[in-house]
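Please treat every number below as a calculation from the coordinates, not as lab data. Every value quoted in this text rests on a predicted model; they were computed, and no experiment measured them. Counting neighbours? That spans all protein chains shown, and the Cβs are built from the backbone with ideal geometry, glycine included.
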Amino acid sequence: MDVGLLVPLAAPFATPEFVEVLGCQAEQKGFSALWVGEHVVVPEEWESIYPAGDGHLPAEIQKGELDPFTTLCYLAAVTRRIRLGACCNVAQRNPVYTAKEAANVDWLSRGRLEFGVGVGWAKEEFAACGMPFARRGSRARSHMEVVRRLWREPAAQYRDEFYELPPSLLYPKPTQAGGVPIHCLGESRPALQRVAEFGDGFFPLSAGPGELAGLLTTLDELLEECGRTRAEITVSATGDGASCGLDEVKRYRDAGAQRMIMMPFVDSLQSLEPTLDRLAEEIVHPARAL
């Protein structure tokens, strides 16, 4: 079983040295992929409820996070093999810029990018980006159609109620055939529907092993309606970097996960390497035998 890593990168601790050590050490210690998240701005006052934990944005990222694509280009320059993942809110992003930035990372990393598609939860962040919060799921689907066409077609065009793309060229294309693999984030039925319609992967961020098994039952039904099977996608699960142990990883595997993404909150350079050492010893290497 593969084990990847998602480390939130925020000010003030996510310095260039921190990011460089993270990339080099994650690759050296055998993690299969290194993911980064996205919060372009953080409002001073919140009404939106964070969809995990106690409903508040974790303290480690309350000043936002590094931009995912420029960070992944930096990581691509200091690594050679590890896969690189971006969790993005595509509903509040311009899809042409999203397609361009992702394709650029894939090109410069020699085909190592994976793209996590989310629809967001913070209406304040949408407002700061000048995008409507309502119907964000439908808008995300529209934006991803624009992205996929730009990645795949010589001259792409598209039009719907959310976006109009005149015939346009986007180069360089992603290095990976068919474009960058798309992993749909979230646990809602609309998220599962997006997996069935266009996803290469399913990436729930807060489902436990029992919940994952139920979600996959629903996903199998939706995939069948779309003429697809689960063999066509990668199922990931997210483990708490502080508390998830090998027994829980086994439960996720038995529920249907093919890959674990460990998410430790590390807020200093001094604690980074010991955290990665522990996860490598307790999770990464033993999981290879599962």
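At a glance:
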item	result
Interchain or long-range residues, amide H under 5 Å from Trp35's placed H	Leu5, Leu6, Val7, Gly85
Among [x] 40, 32, 16; [y] 27, 22, 20; [z] 32, 20, 18, the entry that matches semi-axes √(5λ) of the Cα gyration tensor in Å as calculated here	[y]
Exposure proxy order (Cβ contacts within 10 Å, fewest to most) of Cys88, Cys244, Cys129, Cys184	Cys129, Cys244, Cys88, Cys184
Counting DSSP beta bridges with both ends in the chain, the antiparallel % (nearest 5)	10 percent
Cα lying deepest toward the dipole's positive end in the chain, options Tyr163, Val266, Phe31, charges on Cβ	Tyr163
For Gly208, distant residues with modelled amide H under 5 Å away	none
Mean Cα-pair separation over length for the chain, i.e. relative contact order, pairs under 8 Å, 6 or more apart, %	21 percent
Dipole of the stretch 2-287, positive end: most advanced residue of Val249, Ala280, Cys87 [Cβ charges, Cα centre]	Cys87
Computed lengthening from Asp277 to Glu161, 0.36 nm per intervening residue step minus Cα-Cα distance	36.8 nm
Dipole in debye (nearest 20) - the stretch 2-287, about Cα centre, beta carbon charges: Lys, Arg +1; Asp, Glu -1	1020 debye
Loop-located trypsin sites (Lys or Arg not before Pro) in the stretch 188-282, at most 11 other Cβ atoms within 10 Å (DSSP)	none
Cβ-placed point charges (K, R +1; D, E -1), dipole of the stretch 186-290 about Cα centre in debye, nearest 20	140 debye
Sparse-neighbour loop sites [trypsin sites (Lys or Arg not before Pro); the stretch 93-188; at most 16 other C-beta within 10 Å; DSSP]	Arg110, Arg135
